[in-house]
Structure formats: structure tokens, C-alpha cells
Amino acid sequence: MRWVDIKEGFKEFLEEFKREKTGIAGVILLVILVLVALTAPYTTMPDLPTKWRSSAYWEDNPKNVPPSWYNMFTSQKLVPQQIYYVDNLKISHPSDTETVIEADYSFPEGYYYGPQGIIIRGLNVTLKAPSQAPTMDIYLLRPDGKKIPLLKDKQLSSSTTISIGRDSAISTNVYIWMVNVTEGREITPFEVPLETILISDMVAPMFAKVEPGMDVEKIIENPEPLWGDYKLILEVKNPAPKYNQVDYSNIKMSFLGRSYGTMGTDYLGRDLWAGIIWGSRVSLTIGVLVSVLSTIIGLVYGVTSAYLGGNSDEFMMRINEIFASIPSLPILILIGATMGHVTLWFIVVLLVIFGWMGIARIARSMALQIKEQTYIEAARALGAGNGRIIFKHILPQLLPYAFAVIALSVPGAVIAEASLSFLGIGDPSAVTWGQILNAAQAQSATTKGYWWWVLPPGLGIAVVGLTFVLIGTALDKILNPRLRRL
Amino acid sequence: MGYLKYLVFRILNAILVLLIVTFIISALFVKVAEESNQSKMYEELMQWERTEGAKIKQTQGIEAFEQAKAAKQASLEEKYELNIPYWEKVYNKAVRTLKLDFGTTSMPIFGTNNVSDIIKVAVPRSILLFTTATIIVIILGLFLGVRAARHAGSVFDRSLSIFALLTYSLPMWWTGMMFLLIFAFKLGWFPLSSMFDPQLTGWEHVKDVLWKLALPVFTYVFVVFGGWAWTTRNIMIGTLQEDFIMAAKAKGVPEHKIIYGHALRAAAPPIVTMIIFALLGSLGGAIISELVFNYPGMGRLYWVALQQNETNLLIGLTYFFTVLYLAGVVLADMVYGFLDPRVKVGASAKM
């Protein structure tokens, strides 16, 4: 082929491709996908894969909550995440030894529960006289004028993190307060039923109606929301301000939402949106790499086999059959599981090893027809070698077919990678859709109804698959009008 | 080449491939088993050293201890077959597998240790689920595909194509997870787990099984039938353009007869091949789908075997799948040769 011919052919092909609506739709989707994958570090965060593994990094996020926009579809609205830094807080100093920090939290009408929890961190304390360490009291002032004492005389150190909702001492205090309001009596912490404190949601009652005469168990079980403005008050007492200093400039108060971000969170509080975006990188890379490599290997193998003919063909086809008859997924699982450390490259190699056979068979049957044509005979008579005939004369004939095959085999490769990751055999240093689904399955997200955790990764896989199927069928129609794939 | 000769050639060929594959999987699994046995042996030896060994060391001195340890190690090596060279083990394993002697598992599954019995329990369950679903898919796919081909370009044809392309890119197990969410969790129509209730018998058992099968079958049909319909449509459109159809049309043969009598028969070979592989493939179950639905068939069994490192069961199952696949290849070749006489004399005569 001459350069001019290629140029002409390409122009013609483009003209035809423009007429294929599905192909155009596929190309548009592909461009969007590639853009999303390339810009992932800028649109989310630059080093998500390393952070994805550390549960500590996601501690300030609510766990297992749906996305914020879900509120549009439900009557029971779910409060979003709200974070207070030093600028959003009221800090006053009534005396030399006292500091009061107030956070105004409004619980608007129509929302079903209050926050999932409250996390306070970032109080930097320099201790020089440990015997006179600063202490802190925490109260929640409610719209009905009641004040819940959450913590009393908590000793502060630099690593102090207050976690309302996850701290059983605070839950105990809430329970004691509720009994006090409803029944008017004081109970000791030992009278508080431990299972209730550990199992039930003790934050929702703090933002619910608690009146004299009500039953505590019923409030915990079915809290009635009390809307209005709340105040979380931190009273820090520093008896020796000269020796021990408390620095408030890094303070961070997170009122954990009952909904979060664009895609909600998983069981560790990880932002699923970021995970989905990053997952596209692996999916696209593996899908394209595996299909390109296995198509190339399959084509060369099939054509060589057909061209050589005779015993070599016989031998090569037996090898092909052996590979084809080994059940691939179990073997892949076995190899992955025994290798222990699996990298993305290794997965690509495995999928290629078990993915080239079908293409080789079809390529062989096509090459059998081509090789009988006279110009091959002529080339051989002129003294062309086997390699030259295979690579110069037969393979180029199959190239158009190859492009369609590459596009059409991407979905299979993407699903295969996702399946392996889903089974827990994936590159642990990468974030992939299969791994997100694996975590969802392990935490039985489906039987708990966490749809936001299961739906998006699968949709991602489906969209990548659809993109390439659209392009592949369009290519197939244009390039191989007579070759109908079975 | 005559039909019989062709057939014998294909069968011999399949047997040869089966022999080689059996050796390959034996080599692979024996290697894995050897590694795990090695660590098991060392663990047991350490255990012995801490208890009995320590006693011998205290009472009879270090020399007696060394002797006892060597004896213990030798007996353990015999127990875990570590004293036999690797290739001998592979050979033994492969020969036993070919004789269908799969051995036993270390932990009982389905109440038995015998690998053959375990497979016999799991196979009917996978057949029940996937073969039922495959049959539904075939009927639905063929019917809709032929319909779409007859009215190529219509709204029905186009929506079927779009549906097929969409479902082609869906992982079946993910669709299963979604259906579990919608139909089992949200609407509560189906159970969340498809594990059978062992206490029920008679009619109650049948009802229980049917109820638990419904969602997996529906999922399978939903994901697969679009592709079938689409492929059937493409094959049919190709055949409908052939000269003999034109001739039949010109002769005034009724359309119904052209479609089902002439065209479908001509398109039969590839469709029959697809049916054979789909039915045989259905016996294997789908590992992940069965995991998602918690269905106690072949696929889930494979997963359990992998998790518990039951090498004998793994070899048995893999052998079973391989035999099935090769039987399918031979069967497909047979049918192909039968339906399309060109196969035996054309290019394949040189195979």
C-alpha cells in the first residue's frame, strides 16, 4: 500500500463513520471517559489510591450514607455533612482560665434525623505542667432550652479526638440525661443498659423530642425530630495558662451527615465518587491493553498457522485447543491467589494468555481463504519469505477486521478484570470498580440496601463496555460489509 | 473424507487434548498443594517440638530429641506426600484423574468427603438453574431474533439491538446484585439468599426451590437473551439475502414457510453450535453469580474449594469442566458436519 492510498482510504472511512450514529455516540462517550480518567487526580485528589487503603484518612466522614441529591427523591430528608473550622466558630474568653467555643448548628424542618455523629479534633495542647492539664466540658444546647451534658472534665492532650456517636462514655451521658428528663430521676452509669448504648443510634435522640413522661426506649427506637437551632458548647478550663497552652487555630468540628457528596460513602466513610472516578483509569487501561494484545497475538498466531499448513498447523491448533479447553476463570483465581502479590501488569498478562484463542481461530479461517489467492502465489514465486508474506501480504488484509475485534473485545476484558477484583484478586495498590464491588459484597451492601455503593461501579463497567460495543459495531458495519461475525 | 472418518479424527483429537490438559492442571494443582502441605508439615513439626519434643529433650537429652525429630519429620513427610518427587506425583494424580478417581476432601462438603459424590450433588443444582434459564433464553432469543430480522429497521428491531448492546456490557453478577437490591431488598418479592432450606420435603421443598430459583433465572435471562436475539437476527438477515430465498420468494412460497422452512434451516449450523455450547456451559454454573445469590451449585462449590484449598475437589471440578467443553466441541463438529455437508469436504478436509 502506498501512503496516498492509506490517506484516501482513511478519508473515505471517516466519511462513512460520520454517518454511523452509534459510532459517533461511542466516540463521544470514549472522549468523555478518557477525559474523566486523565483528570482524576485534579478533579478528586492526587494520591487517592494510597489514601483509599487507610481507614484513618476517612474518619471524619459518615459511614454508609447515600449521596446528598438523594433528598430530592425522598420525603425523609437526610442532613448533609457540615464542617466547622476556627472561622465558623464563636470563641470567647470569659476569664483567663476559661475558653468557650460555640458551634451553631441548624437542624432545618423536614429533615428526618440529626447528624450521624459529631467529631471534634485539632486542639493543639502544649503541656508543661501535666498535673494541671486543661480540661473540657461539652454541652449540647437544644432549641427547647434543654442542655445535654455530653462530657465533663475531659483531660485534654494534643491527640484528643472527641467522637460523639462512637464514644460509649458520651452515649452513656445522653442516656442518663434522657432518663433524668423523662422520669425525673438521677441514675448512675452502672444502671445504663450496655447493649442499648453500643448498638443503637444514640445521636438521633439528642436531636429529638425528649419530654417528661416519654419512654426512653421508645425515643431511642423511634426518635421524633426536634427542628431548630442547636449550639454545641465546648468549655475549656485551663487552670495554668502560663504553662499549658491550648491552640484553637486548627480546630475542626465535623457534624457527620446522614448523606454525603455526589456518591455517598462506604463502610469506612470513603468518598465513593472519588473511587468511581479513579476506577475508570484501571478499567480503560486494562480493557484496551488486554484486547489489543490478545488481538495481535491471536491474529499473528492464526495467520501463521493457516499459512504454514500441514503438521505445523495441526500442532499449533492443538495448542490453541488446549488453551481454549482449560476453564479460565478458576485457573486465573488459582494463579492469582497463590501468587499473593498481584500487579496490574500481571493481570493483563493473565487475561491475554487466556484471551487470544477465539481470535486466532477466526483469523486462521480467514487466512485460509486469502492464502489461496494468486498474488500470494506470485509473491512466493518471486522468492518472498514466510515472514514477509505473512506480515506484508496476509495480515494487512485482516487489519480492518482487527479494529472491530479490538473494540468488541474490550467489554469482555473490562468485565474479566472487574470479576477478578470482585473476587479479591486484584492489584491492592489500585482503586478499581471490581474492588469497590468486592467491598460492597463483603459488607453485604445489597442485603442492607446500600444501592449507592453497588449501582455506580457496575454502571461504570457498563458504560465502558457500551462505548466500545458502539464503536465496534459501527466499525464492523463499515469495514466488513460481507464478513458477518457469528 | 467420509463422515465417520471425520468423526473418529475429531474424537481422537479431543482425547489427546484432554490428556494434555489433565497433565497441565495436575501439574498446576499439585504444585499449589505441595506448597500448602509444606507449610502444614512445618506447622505440625513445630507443634510436636513444643510439646512431645520438649519432653524428650528434658528426659532423654538432645541426641534422642534429634533422632525423634528426624523420625517425626519423615513420618510427616510421608503423610503429606512430600517424600515423592514432584513429577511422579503429577503423573499419579493425572492418571488417577483420568480414571475418574478423584479422591477425597479434607473437610466434608454437602455431608460427604468423596469428591465424586460432592460433584454429583452440585451438578443437578446448576443444571436446574442455568439450563432452565438457558432454555428460556434460547426460545426467547430465537423467536425475537427472527421477528427482528423479518422487520429489519423497524422500531422493534432497533430497540432490540439497543437492548442487546446494553446488556452485552453488563457483568451478570453485578446485575444480580442490582436485582437483589430492587426485587429482594426493596420490594421483598424474592429471598435475599438462594440457599435451599434443608428441612423441607415434598411439595414444600419444590415450592422453596422454585421461589429461590426465580431471581437468579430472571437475572440470567435478562442479561443473556438480548445477545442471542441480536446474533440470531444478524445470521437471519444474512441468510434472507441469499439467492435461494429470492428464488423461493419469486416462486411465491408463503413468507412464513420461507422464514421457518428455508432460512432458519440454512442458518441452523451456527445457531445449533451456539445452543450446544450454551447448554454445556450452563452445567458449569457461573462462579460469581452463584456467589452473589448464595446459590449452592457448581460455581459456588468451586469457590468454596478454592477458599479451603481442596486440591482434589478442584482437580475434579476442573476435569469435569474440561470434559464438558471437549464433548461440546466434538458434538458441535458432529452436528455441523451433519447439517452442512461442505464442512467435511471443504477447507476442513485438510485439517
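Apply the membrane-span-like helix rule to chain A: whole DSSP H runs, Cα extent along the own long axis of at least 30 Å, mean Kyte-Doolittle hydropathy at least 1.6. List the helices found.
A:21-43
How large is the charge dipole for the protein assembly as shown, taken about the Cα centre, if only the Cβ atoms of Lys, Arg (+1) and Asp, Glu (-1) carry charge, to the nearest 20 debye?
Here the protein assembly as shown has a charge dipole of around 3060 debye.
Along the positive direction of the dipole of region B:1-122 (beta-carbon charges: Lys, Arg +1; Asp, Glu -1; about the Cα centre), which of B:Q58, B:A14, B:N114 reaches farthest?
It is B:A14.
Count the net charge of all other residues whose Cβ sits under 14 Å from the Cβ of A:S249, scoring Lys and Arg as +1 and Asp and Glu as -1.
0
Can you pull the mean other chain C-beta count within 10 Å for peptide A:427-437?
Mean number of neighbouring Cβ atoms from other chains: 1.
Quick one: ranking A:D47, A:D96, B:D333, A:D153 by accessible area, 1.4 Å probe, largest first, what do you get?
My answer, sorted largest first, is A:D96, A:D153, A:D47, B:D333.
Please tell me the relative contact order of chain B in percent, rounded to the nearest whole number, where contacts are Cα pairs under 8 Å and at least six residues apart.
26 percent
Tell me, what HN-Hα J-couplings in whole Hz come from the Karplus equation 6.51 cos²θ - 1.76 cosθ + 1.60 at θ = phi - 60° for each residue of region B:286-302, using x for Gly and Pro?
3J(HN,Hα) across region B:286-302, in whole Hz: 10, 3, 6, 4, 5, 5, 4, 7, 6, 8, x, x, 4, x, 5, 4, 4.
Do you know the relative contact order of chain A, to the nearest whole percent, from alpha carbon pairs under 8 angstrom that are 6+ apart?
Relative contact order here is 21 percent.
For chain A, just the Cα set please: Rg and Dmax, both in angstrom.
Expressed in Å, the Cα Rg and Dmax of chain A come to 32.3, 108.
Could you give the radius of gyration (one decimal) and Dmax (whole number) of the Cα atoms in region B:202-351, in Å?
20.9, 66
Can you give the Kirkwood hydrodynamic radius for region B:226-294, in Å, rounded to one decimal and based on Cα pairs?
14.1 Å
Please get the size of the charge dipole for region A:351-486, origin at its Cα centre, with Cβ charges of +1 on Lys and Arg and -1 on Asp and Glu, quoted in debye to the nearest 20.
480 debye
Tell me the Kirkwood hydrodynamic radius of region A:226-382 in angstroms, computed as one over the mean inverse distance between distinct C-alpha pairs.
In region A:226-382 this quantity evaluates to 22.1 Å.
By the scheme Lys and Arg +1, Asp and Glu -1, what is the net charge of all other residues having a beta-carbon under 13 Å from that of A:D215?
Once all neighbours under 13 Å are counted, the net charge is -3.
Using only atoms on other chains, find how many Cβ atoms lie within 10 Å of each Cβ of peptide B:158-171 and report the average.
5
In vacuo Debye scattering of the protein assembly as shown, one point per C-alpha: log10 I(q)/I(0) at q = 0.05, 0.08, 0.09 Å⁻¹?
Listed by q, the Debye log ratios stand at -0.40, -0.90, -1.06.
Rg and Dmax in Å for region A:76-256, alpha carbons only: what are they?
16.7, 51
When the helix-only estimate is applied to the protein assembly as shown (DSSP H runs of n ≥ 4, each -39,500 (n - 2.57), divided by the residue count), what is the mean residue ellipticity at 222 nm, nearest 500 deg cm²/dmol?
It lands at -20000 deg cm²/dmol.
Mind listing the long-range amide H neighbours of B:F102? Cut-off is under 5 Å, sequence gap 5 or more, other chains count too, H placed in the peptide plane at 1.01 Å from N.
For B:F102, whose amide H was placed from the backbone, the distant partners under 5 Å are B:S116.
Quick one: Karplus J couplings for region B:22-28, per residue in order, coefficients 6.51, -1.76, 1.60, θ = phi - 60°, nearest Hz, x for Gly and Pro?
With the stated coefficients, region B:22-28 comes to 4, 5, 5, 5, 4, 4, 5 Hz.
Give the Rg/Rh ratio for region A:9-108, taking Rg as the radius of gyration of the Cα atoms and Rh as the Kirkwood radius, to two decimals.
My calculation of the ratio gives 1.25.
I need the phi-derived Karplus couplings for region B:227-233: 6.51 cos²θ - 1.76 cosθ + 1.60, θ = phi - 60°, integer Hz, Gly and Pro marked x.
For region B:227-233, the Karplus-derived couplings read x, 4, 4, 5, 4, 4, 4 Hz, x marking Gly and Pro.
In peptide B:172-180, what is the residue-averaged number of other protein chain Cβ atoms found within 10 Å of each Cβ?
The mean count of partner-chain Cβ atoms within 10 Å per residue comes to 6.
Which one of B:L215, B:L128, B:L76 has the biggest mean-square fluctuation once chain B is modelled by GNM with Cα springs under 10 Å?
So, out of B:L215, B:L128, B:L76, the one fluctuating most is B:L76.
Rolling a 1.4 angstrom probe over the protein chains, ignoring ligands and nucleic acids, what is the accessible area of A:V292 in square angstrom, nearest 10?
50 Å²
Hey, any idea what % of the protein assembly as shown's accessible area is carbon plus sulfur with a 1.4 Å probe?
62 percent
What ranking do B:289-299, A:293-303 get when scored by the average of other Cβ atoms within 10 Å per residue, highest first?
Ranking the peptides B:289-299, A:293-303 by packing returns B:289-299, A:293-303.
Of the trypsin sites (Lys or Arg not before Pro) in region A:240-298, which ones lie in a loop per DSSP and count no more than 15 other C-beta atoms within 10 Å?
A:K242
For region B:117-309, build the charge dipole from Cβ charges (+1 Lys, Arg; -1 Asp, Glu) around the Cα centre, then report which of B:G299, B:I259, B:P124 sits farthest towards its positive end.
B:I259
Taking a ≥ b ≥ c as the square roots of the Cα gyration tensor eigenvalues, with a/c under 1.5 meaning rounded and otherwise prolate when a/b beats b/c, else oblate, which class fits region A:175-223?
Here region A:175-223 falls in the oblate category.
Order B:K186, A:K90, A:K371, most accessible first, counting only protein heavy atoms with a 1.4 angstrom probe.
So, going from the largest accessible area down, we get B:K186, A:K90, A:K371.
Near the amide H of B:F190, under 5 Å away, which other amide H atoms are found, from residues 5 or more places off or on another chain, if H is placed in the peptide plane?
Amide H neighbours of B:F190: B:A184.
Might you tell me the accessible area per residue for chain A, computed with a 1.4 Å probe and given in Å²?
The answer is 46 Å² per residue.
Normalising by the residue count of region B:60-195, find the relative contact order in percent from Cα pairs under 8 Å and 6+ residues apart.
Once divided by the residue count of region B:60-195, the mean separation gives 7 percent.
Under 17 Å from the Cα of A:K90, which aspartates and glutamates turn up, not counting those fewer than eight places away in the same chain?
By straight Cα distance, A:K90 reaches A:E98, A:E102, A:D104, A:D137, A:D229, A:E235, A:D247.
For a test of the definition: using alpha carbon positions, the gyration tensor, and the 1.5 limit on a/c, classify region A:38-92 as rounded, prolate or oblate.
Oblate is the answer for region A:38-92, as a/c is 1.5 or above yet b/c matches or exceeds a/b.
Can you give me the P(r) profile for region B:285-334? Cα pairs, bins 10 angstrom wide beginning at 0, each as a whole percent.
For region B:285-334, the binned pair fractions read 26, 44, 24, 7 percent.
Report Rg(Cα)/(2.2 N^0.38 Å) for region A:98-190, keeping two decimals.
Normalised by 2.2 N^0.38 Å, the Cα Rg of region A:98-190 equals 1.24.
Report the one residue of A:F315, A:S294, A:V246 whose Cα lies farthest in the direction of the positive end of the charge dipole of region A:240-327 (charges on C-beta: Lys and Arg +1, Asp and Glu -1; origin at the Cα centre).
The Cα lying farthest towards the positive end belongs to A:V246.
With solvent modelled as a 1.4 Å probe, how much accessible area in total do chains B and A shield from it at their shared surface, in Å² to the nearest 100?
Roughly 4100 Å².
Sorted by packing (mean other beta-carbon atoms within 10 Å per residue), highest first, where do B:43-49, A:130-136 land?
A:130-136, B:43-49
If I take all pairs of Cα atoms in region B:100-191, what percentage of them are more than 23 Å from each other?
Distances greater than 23 Å cover 55 percent of the Cα pairs.
To the nearest 20 debye, what is the magnitude of the charge dipole of region B:173-260 about its Cα centre, counting +1 on the Cβ of each Lys and Arg and -1 on the Cβ of each Asp and Glu?
Computed about the Cα centre, the dipole is about 220 debye.
If you take every residue apart from A:V300 with its C-beta less than 15 Å away from the C-beta of A:V300, what net charge results, scoring Lys and Arg +1 and Asp and Glu -1?
+4
Based on the Cα atoms of region A:170-311, what semi-axes does the equivalent ellipsoid have, where each is the square root of 5 times one gyration tensor eigenvalue, given in whole Å with the largest first?
The equivalent ellipsoid of region A:170-311 has semi-axes of 61, 24, 15 Å.
What number, in nm² with one decimal, is the all-direction average of the projected area of the convex hull of the alpha-carbon atoms of region B:117-309?
For region B:117-309, averaging the hull's shadow over all directions gives 13.8 nm².
Near the amide H of A:A208, under 5 Å away, which other amide H atoms are found, from residues 5 or more places off or on another chain, if H is placed in the peptide plane?
A:L226
Sort A:H341, A:H393 from largest to smallest accessible area, using a 1.4 Å probe on the heavy atoms of the protein chains.
I get A:H341, A:H393, largest accessible area first.
Sort the following peptides by mean Cβ neighbour count (other Cβ atoms within 10 Å, averaged over residues), highest first: A:461-472, A:305-316.
For the peptides A:461-472, A:305-316, the packing ranking is A:461-472, A:305-316.
The values are calculated or read from the model by the stated rules, or taken from the named source; none is laboratory data. Only a predicted model underlies this, so the values are computations on that prediction, with no experimental measurement involved. Neighbour counts are summed over all protein chains in view; Cβ atoms, including those assigned to glycine, are modelled from backbone coordinates with ideal geometry. When the accessible area is computed, the model is the full protein with side chains, heavy atoms only, and any ligands, DNA or RNA have been set aside. Shrake-Rupley method; radii C 1.70, N 1.55, O 1.52, S 1.80 Å.
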